[in-house]
Every structure is written in structure tokens, then in C-alpha cells.
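The structure appears below as C-alpha cells.
Laboratory data are not the source of any read-out in this text; all were calculated from the coordinates shown. Everything numeric in this text was worked out from a predicted model, so none of it was measured. Neighbour counts run over all protein chains shown; Cβ positions are idealised from the backbone, glycine included.
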Amino acid sequence: MTDAKNADNAENSNLEKDPSNWTTGDEAMTGAQKSYLQTLCEQAGVTFDDTLTKAQASERIDELQDKTGRGESS
């Protein structure tokens, strides 16, 4: 595939869907989210909230990755 075609496919993909548009976003966070979020909270020195939904947890993970630098690619 060409780069332009790959870019078009990426724009129409569900890989980067806004959490507010998730059909299961209001469900409890997954075990993986919970574990990773606990780690990020410890590293950032913030309180872990175990009542977050999947969508809220995803957004909080993004915030804390930025704060801790864990979201940066090498």
C-alpha cells in the first residue's frame, strides 16, 4: 500500500477512537487498565480512583503518561 492510502486507512480506523464515543465506555475499567493506572498513580504521586469507567480510565492513563513521561516513545 502507498503511504497516502495507509494514512487514509488510519484516519478511518477505530484504533484511536475517542473514549467518549466508546460503546462500552461506561463499563468498569478493565483489569489491565486498573493495574497500569495504579502504577502510573504511584509514579505520579496521585491518588488512585478505582471507580473510574473504561473511558475515564483511558483518559486518566493518557494524562498520567504525559505527567510521568511513560507515554513517550523512544
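Work out from phi, with θ = phi - 60° and the Karplus expression 6.51 cos²θ - 1.76 cosθ + 1.60, the ³J(HN,Hα) of each residue of region 40-52, listed in order in whole Hz, and give x for Gly and Pro.
4, 4, 4, 5, 8, x, 10, 6, 7, 10, 7, 9, 5
Rank 43, 30, 55 by how far each Cα sits towards the positive end of the charge dipole of region 25-74 (+1 on Lys, Arg Cβ; -1 on Asp, Glu Cβ) and give me just the farthest.
The residue sitting farthest along the positive end of the dipole is 43.
Which value does Rg/Rh take for region 25-74 over its C-alpha atoms, Rh per Kirkwood?
Rounded to two decimals, Rg/Rh equals 0.96.
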